[in-house]
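Student: Mind having a look at this structure? Questions to follow.
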Amino acid sequence: MGKILIIGAGAWGTALANVLATKKNNEVYIWARNPITISEINNKFSNKKYFKNFQLSKKLKAITGEINIKKFNFVFYVLPASQFENFSQS
C-alpha cells in the first residue's frame with residue numbers, strides 16, 4: 001500500500017494501524033494528541049489503555065502535531081465524529 005497515516009490512537013485506530021503495519025512494505029504512522037500514548041507506542045510498542053496484554057508491531061510509529069497530508073499515500077480518520085471540528089482547527 002505504501003505510506004499510511006491513521007488519525008486517532010483509540011481502540012479502532014490502534015487496531016487498524018497495527019494490522020496495516022504487519023503487512024509487507026507498509027510504512028504506518030498513527031497520529032495522537034496525548035504525549036504519553038505516543039511515547040508508549042513508540043517505546044513500549046503497546047497501547048495499554050485499549051489493549052492491556054497486546055504487543056504492537058515494531059514497525060508502527062506514533063506522531064503528533066501538524067500533518068503534511070502530501071507525505072502519505074493513504075489517510076484514515078478514525079477519531080469520533082464529534083472530534084472532527086476540533087481536530088480540523090488544530
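The values are calculated or read from the model by the stated rules, or taken from the named source; none is laboratory data. As the structure is a computational prediction, the values presented were derived from the model and not from experiment. Because the Cβ atoms are built from the backbone with ideal geometry, glycine has one as well, and the counts that use them run over all protein chains shown.
Student: Is it fair to say residue 20 is within 24 Å of residue 85 (Cα to Cα), touching a strand residue (DSSP E or B) at 6+ places or on another chain (Cβ under 7 Å) and at pLDDT 95 or above?
Tutor: no
Student: In this structure, does residue 46 turn out to be touching a strand residue (DSSP E or B) at 6+ places or on another chain (Cβ under 9 Å), modelled with pLDDT of 95 or more and of a type in the set (Ser, Thr, Tyr)?
Tutor: no
Student: Before we move on, is residue 5 part of a helix (DSSP H, G or I) and not aromatic (Phe, Trp, Tyr)?
Tutor: Here the answer is no, as residue 5 does not meet what is asked.
Student: I would also like to ask the following. Residue 84 versus (1) exposed (fewer than 15 other Cβ atoms within 10 Å of the Cβ); (2) aromatic (Phe, Trp, Tyr); (3) within 15 Å of residue 30 (Cα to Cα): which is the lone unmet condition?
Tutor: Unmet condition: (3).
Student: So, in region 76-90, how many residues would count as being at pLDDT 85 or above and either touching a Ser or Thr at 6+ places or on another chain (Cβ under 6 Å) or aromatic (Phe, Trp, Tyr) (or both)?
Tutor: Count: 2.
Student: Where the second residue is of a type in the set (Gly, Ala, Ser) and exposed (fewer than 14 other Cβ atoms within 10 Å of the Cβ) and the first is in contact (Cβ under 8 Å) with a residue 40 or more places away in the chain and lies in region 68-90, which pairs have Cβ atoms under 6 Å and are six or more apart or on separate chains?
Tutor: Sorted first by the residue in region 68-90, then by its partner, the pairs are 73/2.
Student: Related question: For residue 63, which of the numbered conditions (1) β-branched (Val, Ile, Thr); (2) closer than 21 Å to residue 89 by Cα; (3) surrounded by 12 or more Cβ atoms within 10 Å (Cβ to Cβ); (4) over 11 Å from the mean Cα position of the chain (by Cα) fails to hold?
Tutor: With (1) β-branched (Val, Ile, Thr); (2) closer than 21 Å to residue 89 by Cα; (3) surrounded by 12 or more Cβ atoms within 10 Å (Cβ to Cβ); (4) over 11 Å from the mean Cα position of the chain (by Cα) applied to residue 63, the lone miss is (4).
Student: Since residue 2 meets every condition but one in (1) surrounded by 15 or more Cβ atoms within 10 Å (Cβ to Cβ); (2) at positive phi, which condition does it not meet?
Tutor: Tallying (1) surrounded by 15 or more Cβ atoms within 10 Å (Cβ to Cβ); (2) at positive phi, residue 2 fails exactly one: (1).
Student: Take residue 37 and decide whether it is at negative phi and either surrounded by fewer than 19 Cβ atoms within 10 Å (Cβ to Cβ) or modelled with pLDDT under 95 (or both).
Tutor: no
Student: Next question. I need a count of the residues in region 26-59 that are touching a Lys or Arg at 6+ places or on another chain (Cβ under 6 Å) and assigned to a loop (DSSP other than H, G, I, E, B).
Tutor: 1
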